[in-house]
1. Give me the distance between the Cα centres of the range 46-66 and the range 92-126, rounded to whole Å.
2. Could you give each residue of the range 16-31 its phi-based ³J(HN,Hα) in whole Hz, using Karplus coefficients 6.51, -1.76, 1.60 with θ = phi - 60°, and x for Gly or Pro?
3. Between Met133 and Glu112, what length comes free when the chain is fully extended (0.36 nm per residue of separation minus the Cα-Cα distance, one decimal in nm)?
4. At 0.36 nm per residue, and after removing the present C-alpha to C-alpha distance, how many nm does the segment from Glu103 to Lys121 gain when stretched out fully?
5. If I take R0 = 22 Å and measure r between the Cβ atoms of Leu47 and His9 in this structure, what FRET efficiency does the formula 1/(1 + (r/R0)^6) give, to the nearest 0.05?
6. Give the peptides 91-99, 131-139 in descending order of average Cβ contacts within 10 Å, highest first.
7. So for each of 2-8, 42-48 I average, over its residues, the number of other beta carbons within 10 Å; can you give me the resulting order with the highest mean first?
8. When only alpha-carbon atoms are used, what values of Rg and Dmax, in angstrom, describe the range 66-107?
Amino acid sequence: IAFHFNTPHKLNYACRLLRKAFSSGAKVMVWAEPETLKELDKALWELGSSDFVAHCMIDAPDFVVARSPIVLTSDVSALNALPHHEVLLSLGQNLANGFEKFERVIELVSTEDEDRVNARKRWKIYQERGYSMKRHDLAQKSTAP
């Protein structure tokens, strides 16, 4: 489980991660609240043509979901119905039910107090369940020489 703390703009950072994942051939499930997913979907479509990131919402036709390397959902029950369980990118405020089915989990945490408090709760749950944890503090990286 990797936590990326102090992301100055969660959606921009998510777009960068998804662009990198897409170009490397990784398959990613993005989980968040519906409004956040709408904003992310729009942001992904607004990337430059050379930065296109193929993605779809979970309610797309089954054949589209099956072929999409990046799937966006706010329906945690859909996690079990996915055609792939490689990476879960969590932008949500709560623990994603079914996260344990994924090979990797990445949690993005902004600088907002509420987001940080909720992330600490999720960290504690993962830790109590014995998961290996990694911390990436983007504030430290931006101040490094």
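Read-outs throughout are calculated quantities, based only on the coordinates presented, and are distinct from any laboratory measurement. Predicted model, so just to flag it, every value in this text is computed and none were measured. All Cβ positions, glycine included, derive from the backbone under ideal geometry; neighbour counts span all protein chains shown.
1. 24
2. With coefficients 6.51, -1.76 and 1.60, one gets 4, 4, 5, 4, 5, 4, 4, 5, 8, x, 6, 10, 10, 9, 9, 10 Hz.
3. Net length gain for the segment: 5.4 nm.
4. Between Glu103 and Lys121, full extension yields 4.4 nm more.
5. 0.95
6. So the order, starting with the most tightly packed, is 91-99, 131-139.
7. Highest-to-lowest ranking by the protection proxy: 2-8, 42-48.
8. When restricted to Cα atoms, the range 66-107 yields Rg and Dmax of 9.5, 28 Å.
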